[in-house]
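The values are calculated or read from the model by the stated rules, or taken from the named source; none is laboratory data. Bear in mind that the values here come from a model prediction, so they are computed numbers and not experimental data. Note that we place each Cβ from the backbone using ideal geometry, even for glycine, and neighbour counts take in every protein chain shown. Side chains included, ligands, DNA and RNA excluded: accessible areas come from the protein's heavy atoms. Shrake-Rupley method; radii C 1.70, N 1.55, O 1.52, S 1.80 Å.
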Amino acid sequence: MEGHGEEGLSSARCYQDALDALSSLISKRSRADKNNQFDRFDFLCNYLKILELEDAISEMKIIHVAGTKGKGSTCIFTESILRNCGYQTGLFTSPHLIDVRERFRLNGTEISQEKFLDYFWWCYLKIKEKTGDEIPMPSYFHFMALLAFKIFSAEEVDVVILEVGLGGRFDATNIVRKPVVCGVTSLGYDHMEILGNSLAEIAAEKAGIFKPGVPAFTVSQPDEAMRALEEKASELNVHLQVVKPLDTSLLNGQTLGLEGEHQYINAGLAVSLCSTWLTKTGNDLVWEKIRLNQTDSLPEQFISGLKTACFSGRAQIVRDAENPENVVFFLDGAHSPESMEACATWFSRAVEKETSKHRNNGGSSVSSIVRQNQEMTLQRSEQILLFNCMSVRDPELLLPRLRSTCTNHGIHFSKALFVPNMSVYNQVGPSPNDTHPDLTWQFTLQRVWESLARGDSKGRDCVLKERKDETGTRFRNRGNSTVFSSIPSAVKWIRDRAQRSRTVQFQVKDFAVPSFKCSDKCPLQDLV
């Protein structure tokens, strides 16, 4: 928090009050409960009237993006491109990594605490005053979307990029009547308890963001999903185009700011969304420079936007602050089987590059000071998995896909660490019980992993032994895996192991990124 003394404490308290108020909006009912009145889409119109945002939204020049995989990355690319074209941008994404303010970005930067508090309390108190038995307070995500509209309206941005939270048809962002252009990223099986059990049903929900006459773009999809998208587009007179992955030759030798081969799919979609937005909003002079059939590469602003796009916790590599040479974290929040496979492929290739770098030049990727202090040359690398997923996910779909993809690339985890997925930094929601957290779900994940290691699909006879380290931190160990009671205790275990094995580089694939504070300056600084 900024500020010192009483002023700083007052600021911190005020911000915590806002987070507490926000936490009160989290529904205790399951998201799959279709009778949950607190999440009813119909109430959104009432809230807009209360906040007097109807006219403001109708005047916004919006890009709306849905999908199963890659919608966040596509939005990040889109925002970065248009910002580099000189436009004032507003970006709404979810979920956040560390701080709720990450969801609201103005010109590429998360909203300041001061502005967040001003807009938050203006919206919260106004709605609180006008709601009751007939019109309840909005749900958590509904309120977040309303807050985004208020922020972007008051800040008078040129373009608003909205990432759908869940599905499309009944998502809070779909209160928008007339976006400039819509996009649908790669589709797959996710949130099936809400969206449907077939790709056709899921695609139909995602296509719910299509609006009559508004152009839409998508990427290559499975036949079943594509047919559903095309049917919805035809019904609404939407011109739906399929975009190919971005050709690397169009980047003039530059690389994308987001790692992974799959990002070229998202980048291609972002380029089409931006090109169409520029055309539809009357920016003809800029558009003339964009026509791909008149040039061998993208315009400079597009390349710069794609190159500098940054998304914390997505295919991100950070070195441990305490052991930059010996411990490297590979962060990503993939949570569907298809995303898990793409992420595992990225990790495997990144590990190969990292290992090759050290073999060829003894670790020249770190500073000369660190190299001089290094007592021994790294001789080998070891891969560790740090993992958690929400209980609504199916680990028997995720973990086999992760393990088999890595194995096919020659990557074998020496140890898997399972942790609760909690963040204690600017938390929204109930405070975690750090002393005795419920580890039932982590044991379930561990059993699935151990069954894969043994080739036993049933995961039986998994004996788990609880131990304590010298600090009293609880952990549970079995063969190829360990359950820790917190992320800090797992990271401490990794660091201790690195200290004992100075000739080994530990390459940690982390699927628990919502608990990380990622920073080029001091990665993992909030873990200890």
* Structure fact -> In whole percent, the fraction of accessible protein surface over the stretch 307-356 that belongs to carbon or sulfur atoms, probe radius 1.4 Å, stands at 49
* Asked: Expressed as a whole percentage, what fraction of the accessible surface of the stretch 73-134 belongs to carbon and sulfur atoms when a 1.4 Å probe is rolled over the protein heavy atoms?
  -> 43
* Structure fact -> Probe 1.4 Å, heavy atoms of protein chains only: per residue, the accessible area of the stretch 111-171 in Å² is 41
* Asked: From the cross-link list K69/K492; K49/K232; K128/K211; K49/K128; K115/K280; K69/K509, which pairs have alpha carbons spaced over 23 Å apart?
  -> K69/K492; K49/K232; K128/K211; K115/K280
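Given a 1.4 angstrom probe, I'd like the percentage of the accessible area of the stretch 137-252 that is carbon and sulfur, rounded to a whole number.
Carbon and sulfur atoms account for 47 percent of the accessible area of the stretch 137-252.
Where in the stretch 175-283 are there GluC sites (Glu not before Pro) that are in a DSSP coil and have at most 16 other Cβ atoms within 10 angstrom of their Cβ?
Sites meeting the loop and neighbour criteria: E261.
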* Structure fact -> Counting only protein heavy atoms and leaving out ligands, DNA and RNA, the solvent-accessible surface of K353 at a 1.4 Å probe, in Å² to the nearest 10, equals 140
* Surrounding net charge for L240, when Lys and Arg each add one and Asp and Glu each subtract one, Cβ distance under 9 Å -> 0
* Structure fact -> Cβ-Cβ cut-off under 13 Å around H262, Lys and Arg +1, Asp and Glu -1: the net charge is -1
